[in-house]
Amino acid sequence: MKGVTHLIFGFLVGTIFIKYFGSSSPLIFMILVLLGSLLPDIDHPNSKLGKFVKPIGWVVEHRGFFHSLLFLFLITLVSISFFKQPYALPLGALSHLISDSFTKQGIKVFFPFKFRLNGFIVTGSIVENLFQIICVITIFFLLF
């Protein structure tokens with residue numbers, strides 16, 4: 001999925017879970033969720049975050065380690081150790097993994113094993129655009 005789709009879906013997930021995990025600082029919580037929603041694509045040199053750390057994309061396969069439960073586990077450990085809102089960043093990363101698992105490319109959820117979890121959405125397609133619209137409408141109803 002495109003970066004904007006990850007941000008929209010991450011915002012939706014953050015909006016749903018903020019009342020459970022983001023009580024001390026809602027703004028920081030949402031910023032970390034949105035950062036987490038982009039984080040797994042750090043392995044793609046042209047992604048919103050990957051542009052700043054291109055060597056990662058040269059070394060690892062896109063939708064490999066950074067799109068796995070192993071990465072999600074490690075990012076959760078780091079978050080628990082360093083952040084006052086430890087579930088925001090992993091929640092955003094999880095939203096990314098969920099949405100990418102619905103694409104035809106899928107994700108290697110159990111990396112390093114080759115098993116791939118994939119769906120039917122083509123990145124950049126009208127179906128992805130429809131998914132964005134549904135998420136925005138849902139966010140609107142949750143907030144108002």
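The values are calculated or read from the model by the stated rules, or taken from the named source; none is laboratory data. None of these values were measured; they are calculated from a predicted model. Cβ placement follows ideal geometry from the backbone for every residue including glycine, while neighbour counts extend to all protein chains displayed.
Quick notes on this structure:
- Segment 112-123 residues that are under 14 Å from LEU70 (Cβ atoms) and touching a residue at least 24 places away in the same chain (Cβ under 8 Å), paired with ones that are small (Gly, Ala, Ser) and surrounded by 13 or more Cβ atoms within 10 Å (Cβ to Cβ) (beta carbon under 9 Å, 6 or more apart): PRO112/GLY64; PRO112/SER68
- Every residue from segment 48-68 that is in contact with a Gly (Cβ under 6 Å, 6 or more places away or on another chain), touching a residue at least 12 places away in the same chain (Cβ under 8 Å) and surrounded by 19 or more Cβ atoms within 10 Å (Cβ to Cβ): GLY57
- Any hit, segment 113-120, residues being over 21 Å from GLY22 (Cα atoms), in contact with a strand residue (DSSP E or B) (Cβ under 7 Å, 6 or more places away or on another chain) and crowded, with 19+ Cβ neighbours inside 10 Å: no
- Residues in segment 1-16 that are over 23 Å from GLN105 (Cβ atoms) and surrounded by fewer than 17 Cβ atoms within 10 Å (Cβ to Cβ): 1 in all.
- Test: residue in segment 78-97 that is modelled with pLDDT under 95, of a type in the set (Ser, Thr, Tyr), surrounded by fewer than 19 Cβ atoms within 10 Å (Cβ to Cβ) and closer than 29 Å to PHE21 by Cβ: yes
- Elements of type helices (runs of 4 or more DSSP H) contained in segment 25-117, each with 1 or more residues being more than 19 Å from PHE11 (Cβ to Cβ) and not small (Gly, Ala, Ser): 54-59, 69-82
- From the list VAL127, VAL53, VAL109, the lone residue that is in contact with a Ser or Thr (Cβ under 9 Å, 6 or more places away or on another chain) and of a type in the set (A, V, I, L, M, F, W, C) is VAL109.
- Hey, GLY14 modelled with pLDDT of 95 or more and under 21 Å from ILE121 (Cβ atoms) or not: no
- Every pair of residues 6+ apart whose Cβ atoms lie under 7 Å, when the first sits in segment 1-29 and is among the hydroxyl-bearing types (Ser, Thr, Tyr) while the second is surrounded by 22 or more Cβ atoms within 10 Å (Cβ to Cβ) and in a helix (DSSP H, G or I): THR5/SER99
- In this entry, VAL127 passes the filter for residues that are surrounded by fewer than 17 Cβ atoms within 10 Å (Cβ to Cβ), free of Cβ contacts under 8 Å to residues at least 60 places away in the same chain, touching a strand residue (DSSP E or B) at 6+ places or on another chain (Cβ under 6 Å) and not in a loop (DSSP other than H, G, I, E, B).
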